[in-house]
Amino acid sequence: MDLKTVTFEEGVISVLDQRKLPLEEKRVIIRSVRDAYDAIASMAVRGAPLIGIVAAFGASLSLCETREEWENAFYEGTRLLARSRPTAINLHWALKRAEKAFEKARSSGREAAYRAVIEEAEAIRREDALLCRKIGENLQPFIRDGGRYLTHCNAGALATAAYGTALAGFYVAREENKKIFVWVDETRPWLQGLRLTAWELTRGMIPHKVIADSAAAFLISRGEVDAVFTGADRIAANGDTANKIGTYALSLACRAHGIPFIVAAPRSTLDPSCPGGEEIPIEERGGEEITRIAGMGEMAEEAYNPAFDVTPYANITAIVTEEGVWRP
Ligand code: MRU
């Protein structure tokens, strides 16, 4: 599952515009650091690994924008990109890799530094596709022929270079001829499940149905779900995991009904400098994402819109990475 979420050619980044899916397949063209910042902040691109990849490519663009003071321009660019979204640690991880590549090459001049940053971004993208595939393989012990699973938000090919994290398990299961069925949480308020996960599961030929988020616990209580699989935006050192708002509630339902709650993420989503979930910064987005839906006007005056929540490690059956399976 490679949906060409991001391509880079001659100083131009092109990304699939996730704000328009599934109704339109359009691309956003990014020619400057500011464009890259806007694409991430406005959620034209989203999902922790993909945010990191686009930021790494974006960091190279400041080196095309100016010939004077290019070293300062590069750091100004990475600082700007680091502010684009607060919760996904992959953003900072990828920017640090871009900065290291820059620092190694800068004594050879601007052009060499530019090439080095691009090469590093390409490496991050290549590695992401390979490790997502590996995550999919490592998820197989939790996926059986005939199983019915539930996922939240979009932790799929659209959120990565290819395959995804949680959804990689479903794609690899299909390759292994396991017949599975997936319940897709719509994922209010931005509707990543309805708009993105359903779209990519259709392309991946995985049977699925979208449900209202509020139906999930009921389905779990009725024995309709064998396990829940989600991605992660940041995993603290103790295993507490930040992911899309609504993930914590799912973990509670799984715990209450004794079914596995599995987190799938690359190793780069682990933030060892963050001791526990309390320390993870949680993004708050505009209230209009909640009060305006379906093209209707403003339906309430005020809203509170935290975009992520934290699932305590005790509720997590396993965290599956490219390196294997971690248990609490
Ligand atoms: O706000 P989003 O759409 O960027 O949130 C995405 C998620 O919460 C994903 O589950 C997470 O980033 C993992 S994507 C492989």
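The values are calculated or read from the model by the stated rules, or taken from the named source; none is laboratory data. Quantities reported herein were computed from a predicted structural model and do not represent experimental measurements. Cβ coordinates were reconstructed from backbone atoms using ideal geometry, including for glycine residues, and neighbour counts include every protein chain displayed. Just the protein is used for accessible areas: all its heavy atoms, side chains included, with ligands, DNA and RNA removed. Shrake-Rupley method; radii C 1.70, N 1.55, O 1.52, S 1.80 Å.
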Practice task
Out of the residues in region 42-70 that are farther than 21 Å from LEU3 by Cα and among the hydrophobic types (A, V, I, L, M, F, W, C), state the one that is farthest from the ligand (Cβ to nearest atom).
Solution key: TRP70
Problem - Segments classed as strands (runs of 3 or more DSSP E), wholly inside region 232-304, with at least 1 members that are more than 15 Å from the chain's Cα centre (by Cα) - result: 234-236, 261-264
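Any residue at all in region 256-276 that's in the same structural domain as ILE290 (by TED's automatic domain parsing), of a type in the set (D, E, K, R), surrounded by fewer than 21 Cβ atoms within 10 Å (Cβ to Cβ) and within 14 Å of the ligand (Cβ to nearest atom)?
In the first step, residues of region 256-276 are kept if they are in the same structural domain as ILE290 (by TED's automatic domain parsing); the result is 256-276.
Subset that is of a type in the set (D, E, K, R): 267, 271.
Subset that is surrounded by fewer than 21 Cβ atoms within 10 Å (Cβ to Cβ): 267, 271.
Now restrict to residues that are within 14 Å of the ligand (Cβ to nearest atom): 267, 271.
Within region 256-276 (the criterion being in the same structural domain as ILE290 (by TED's automatic domain parsing), of a type in the set (D, E, K, R), surrounded by fewer than 21 Cβ atoms within 10 Å (Cβ to Cβ) and within 14 Å of the ligand (Cβ to nearest atom)), the answer is yes, since at least one residue qualifies.
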Problem - Count - residues of region 167-203 that are on the phi > 0 side of the Ramachandran plot and free of Cβ contacts under 8 Å to residues at least 40 places away in the same chain - result: 2
Practice task
Give the number of residues within region 92-104 that are touching a helix residue (DSSP H, G or I) at 6+ places or on another chain (Cβ under 7 Å) and surrounded by fewer than 17 Cβ atoms within 10 Å (Cβ to Cβ).
Solution key: 1
Problem - Considering residues of region 71-91 that are open to solvent by 50 Å² or more (accessible area, probe 1.4 Å) and within 16 Å of the ligand (Cβ to nearest atom) only, the residue farthest from THR241 (Cα to Cα) - result: ARG83
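Against the condition of a type in the set (Asp, Glu), away from the ligand (no atom under 12 Å from the Cβ) and in contact with a Ser or Thr (Cβ under 9 Å, 6 or more places away or on another chain), how does ASP240 come out, does it pass? So that I can check it myself, show each step before the final result.
Values: of a type in the set (Asp, Glu): yes; away from the ligand (no atom under 12 Å from the Cβ): yes; in contact with a Ser or Thr (Cβ under 9 Å, 6 or more places away or on another chain): yes.
So ASP240 passes the test.
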